[in-house]
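The next block holds one structure in the form of structure tokens; read it before the comments.
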Amino acid sequence: MTSSQHILAAVALALSAGYATAQTTLYVGGSGGSTETLMKEKIIPPFEAKTGAKVVYIPGNSTDILAKIQAQKGKQEISLAIIDDGPMYQAVGQGLCAPVEQAGAIKELYANAEMVGGKSVGIGFIATGLGYNKDVFKKNGWAPPTSWNDLADPKYKGKVVIPPITNGYGLLTLVMQARINGGSEEKIDPGFDAMVKKIAPNVLAWEPSPGKMAQMMQTGEAALVVWGNGRVLAVADQGAPVEFVFPKEGAPVIMVAACVTDGAPQAKLGQQFLQHLVSADMQAHIAQGVGWGPVNKTTKITPDVARKVVYGPQQVATLVAPNYTVINAKRAEWTQRWNRAAERLFGWTEN
């Protein structure tokens, strides 16, 4: 079914259920799976009760939702789009997002959540850092990792696992290696030098699969990994002796972001739903339901949930904002360069 057919079907469903008219319906596009479940069970019902509007949630990954609003430019059907920060910068750059109204809970956000351009905001923080198997480290007499430089320590040879740079976590590893070795997103050569010459000899696998990564951490086959805080703690919750570390040089943030589309059919409702998403109460539901750190400074969560997410001014201050304007422009070029180096030096190709 095409996106247009999907939306038309949703409209028909809403009308058949006895809702007033399509004009009172807000279409929101965002991730499926646990995010969709959270939206339908915890986030959407109180908004509908408060506004009298009907919210129809259209699931899809960030690439899907970005493609939908690109295809619908000038004739949008989705009023609010929820996508990761990298693709969100593309959406803003292509004129697909309207300015964020500085009203309601928007005024309660950490500065880190306010995205460049004022046309989108983060609705959840995910930190990229180091995960390690405590049993393997203890057995070898190793101190816990503290730095991005630890990935290049020869004592971890054959024990490091990192996603490939086509994956967000691998890409941010490249960026951080550039930054700590005198470069930047604009000057990426030091990052490639560190990845290829210093880190790659330690790497057991460039693993894109979250399931495989989790398994390798559980067994100790992967003693040291680069991954998201929520991913590592999900493995810990399964009983594995693993822990997440915020590196001392900073943890790149992956933000889940949202914007009201330019020309949204329900622009006012879209702004209200965005304010609803970042309100303290909804941020607490989001932290508990999908493990995204609260972007609202006033959000209160239980200690058990706080242990699993980026929470509080101290942890938020450690987050590093990647320059996605440069990254998006260079990503294809970097991927080609990475694949050439990998094939030439190690005989393997990108997954």
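Overview of results
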| quantity | calculated |
| --- | --- |
| Check on K297, modelled with pLDDT of 95 or more and open to solvent by 10 Å² or more (accessible area, probe 1.4 Å) | yes |
| Checking Y169 against (1) farther than 28 Å from Q315 by Cβ; (2) modelled with pLDDT under 95; (3) of a type in the set (S, T, Y), the condition it does not meet | (1) |
| Those residues of the range 37-72 which are in contact with a strand residue (DSSP E or B) (Cβ under 9 Å, 6 or more places away or on another chain) and under 30 Å from A332 (Cβ atoms), in sequence order | I58, P59, G60, N61, S62, T63, D64, I65, L66, K68, I69, Q72 |
| Search result, residues across the range 257-277 that are open to solvent by 10 Å² or more (accessible area, probe 1.4 Å) and either touching a residue at least 40 places away in the same chain (Cβ under 8 Å) or of a type in the set (S, T, N, Q) (or both) | D262, G263, A264, P265, Q266, A267, L269, Q271, Q272, Q275, H276 |
| Failed condition for Q314, given (1) open to solvent by 30 Å² or more (accessible area, probe 1.4 Å); (2) at pLDDT 95 or above; (3) at negative phi | (2) |
| Odd one out for W206, checked against (1) modelled with pLDDT of 95 or more; (2) crowded, with 19+ Cβ neighbours inside 10 Å | (1) |
| Looking only at the range 127-141, and only at residues there that are touching a helix residue (DSSP H, G or I) at 6+ places or on another chain (Cβ under 8 Å) and crowded, with 18+ Cβ neighbours inside 10 Å, the one that is farthest from V260 (Cα to Cα) | N133 |
| Scan of the range 144-199 for residues that are in contact (Cβ under 8 Å) with a residue 12 or more places away in the chain, open to solvent by 60 Å² or more (accessible area, probe 1.4 Å), in a helix (DSSP H, G or I) and charged (D, E, K, R), ordered by number | K155, R179, D193, K198 |
| Neighbours by Cβ (under 7 Å, 6+ apart or cross-chain): first from the range 295-308, within 14 Å of S279 (Cβ to Cβ); second open to solvent by 20 Å² or more (accessible area, probe 1.4 Å) and part of a loop (DSSP other than H, G, I, E, B) | V295/Y110; N296/S279; K297/Y110; I301/Y311 |
| Matching entry among A240, A280, A236 (being surrounded by fewer than 22 Cβ atoms within 10 Å (Cβ to Cβ), out of contact with any Lys or Arg (no Cβ under 6 Å at 6 or more places or on another chain) and free of Cβ contacts under 8 Å to residues at least 12 places away in the same chain) | A236 |
| Complete set of residues in the range 284-294 that are in contact (Cβ under 8 Å) with a residue 24 or more places away in the chain and open to solvent by less than 30 Å² (accessible area, probe 1.4 Å) | I286, A287, G291, W292, G293, P294 |
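Residues are listed down the side, and each one gets a yes or a no for (1) part of a strand (DSSP E or B); (2) open to solvent by less than 30 Å² (accessible area, probe 1.4 Å); (3) under 15 Å from T261 (Cβ atoms):
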| site | (1), (2), (3) |
| --- | --- |
| K73 | no, no, yes |
| Q76 | no, yes, yes |
| M88 | no, yes, yes |
| E101 | no, no, yes |
| K107 | no, no, no |
| G117 | no, no, yes |
| G122 | yes, yes, no |
| F125 | yes, yes, no |
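The values are calculated or read from the model by the stated rules, or taken from the named source; none is laboratory data. Remember, it's a predicted structure, so these values are computed and weren't measured experimentally. All Cβ positions, glycine included, derive from the backbone under ideal geometry; neighbour counts span all protein chains shown. Protein only, heavy atoms only, side chains kept; ligands, DNA and RNA dropped before computing areas. Shrake-Rupley method; radii C 1.70, N 1.55, O 1.52, S 1.80 Å.
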